[in-house]
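The numbers here are math on the coordinates, done by the rules we state, and not lab data. What you see is a predicted model, and the numbers here were worked out from it, not measured in a lab. Reconstructed Cβ throughout: ideal geometry from the backbone, glycine too, with neighbour counts over all protein chains shown.
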Amino acid sequence: MKTPRVLVWLLVAALAVGVALASGCAKKKAADEAGEGVVVKYTCPMHPEIIRDEPGKCPICGMDLVKKEIQQETAAKKYHCPMHPQIVSDKPGSCPICGMNLEPFVEEAPMDSTHGASTVPGLAPVKISAETRQAMGLQLGAVERRNLSREIRTSARIVADETRQHHVTVKVDGWVNELFASVTGQEVKRGEPLLTIYSPDLLSAQQEFLTALDQRDKVDQSPDPETRRSAAELVQASRRRLELWDITNEQINHLEQTREVDKYVTLYAHQSGVIVQRNILAGHRVEAGEDLMTIADLSQVWGDADIY
């Protein structure tokens, strides 16, 4: 009754020996096909860090391992962590980061850069064909210290220099009576009249200045020096008020000579240039601080371009 059981064990042992012999023959055949000096390994196409000595399945994705031939003289067996390929060791052990067992892999020597291939330990080699390098403009060369320069051709939009622009504004409320610079693109020179404005505040300031002049003239012959000094300070304060409202010295001197209030006060250009923006017309009501027009000096301009 024990004879069949013995036969079963004999059959199992014979089967195991046959599998081992077949595996050994397969390895020898693969080595013979690869040629002398070549080591046959098996790796996962999706996870090249998985390298085994025998065929099998990838422990990560389950794909069948494919054969890979490596030159024996350039191959060196190393151990690295499957989760952290940067951890490489000459001996088996555990990953200092995650604690996983280090997996064996074969470290290949870097290939010649002229063939467009490079190898990072634990990762798959990157190979770029000559056609691909030409299409992507990739150039290879020795590492050296030199100046990097490249000529780029692109289109640009010519714009005004932001540091050479001037906004014409007023510091009082009023109405535009006459507009001398009435066309966008018109060229103006420094000191040329731009517009005339009627403003009750300017009329009141002019009248105060004339009153201060009359008071100073009346006490000019006074024997009291304090009285003369007070009258002179009042004239200076009235004059300063007009200057702060952008009334020029020539206009104030003319007002002092004629002793007549100007109903319409003229505003002059503070710089030469071209009118690139105009926001008013004759009869327009303006408020203090309102941007009336923009004058740009176009003798120097900017090129606005996108450089990638």
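Going 7 Å from the Cα of W245 in the Cα-to-Cβ direction, what parts of region 179-202 have a backbone nitrogen less than 16 Å from that spot?
So the set is 196-202.
Quick one: Karplus J couplings for region 96-102, per residue in order, coefficients 6.51, -1.76, 1.60, θ = phi - 60°, nearest Hz, x for Gly and Pro?
Residue by residue, region 96-102 yields x, 8, 10, x, 6, 5, 6 Hz.
How much space per residue, in cubic angstrom, does the convex hull of the C-alpha atoms of region 241-282 take up?
In region 241-282, the Cα convex hull volume per residue is 109 Å³.
If the chain between S299 and A135 were fully stretched, how many nm would it gain, using 0.36 nm times the residue separation less the Cα-Cα distance?
Contour length minus Cα-Cα distance gives 54.7 nm.
What fraction of the Cα pairs in region 195-308, stated in percent, has a spacing above 22 angstrom?
Roughly 51 percent, once rounded to a whole number.
Could you estimate the translational diffusion coefficient of region 169-216 from the Stokes-Einstein equation, with Rh from the Kirkwood formula over C-alpha pairs, at 37 °C and 0.692 mPa s, in whole µm²/s?
252
Set the Förster radius R0 to 25 Å, insert the Cβ-Cβ distance between E69 and I97 as r into 1/(1 + (r/R0)^6), and round the FRET efficiency to 0.05.
0.20
Mind checking which aspartates and glutamates have their C-alpha under 15 Å from K263, skipping anything on the same chain fewer than 8 residues away?
D173, E178, D201, E208
Output wanted: per-residue J couplings in Hz (rounded whole) for region 167-179, from phi through Karplus 6.51 cos²θ - 1.76 cosθ + 1.60, θ = phi - 60°, x for Gly and Pro.
So the Karplus estimates, Gly and Pro as x, are 9, 8, 10, 10, 9, 9, 7, x, 10, 7, 8, 9, 10 Hz.
Determine, from the Cβ-Cβ distance of V219 and N253 and an R0 of 22 Å, the FRET efficiency 1/(1 + (r/R0)^6), rounded to the nearest 0.05.
Computed FRET efficiency for V219 and N253 comes out at 0.50.
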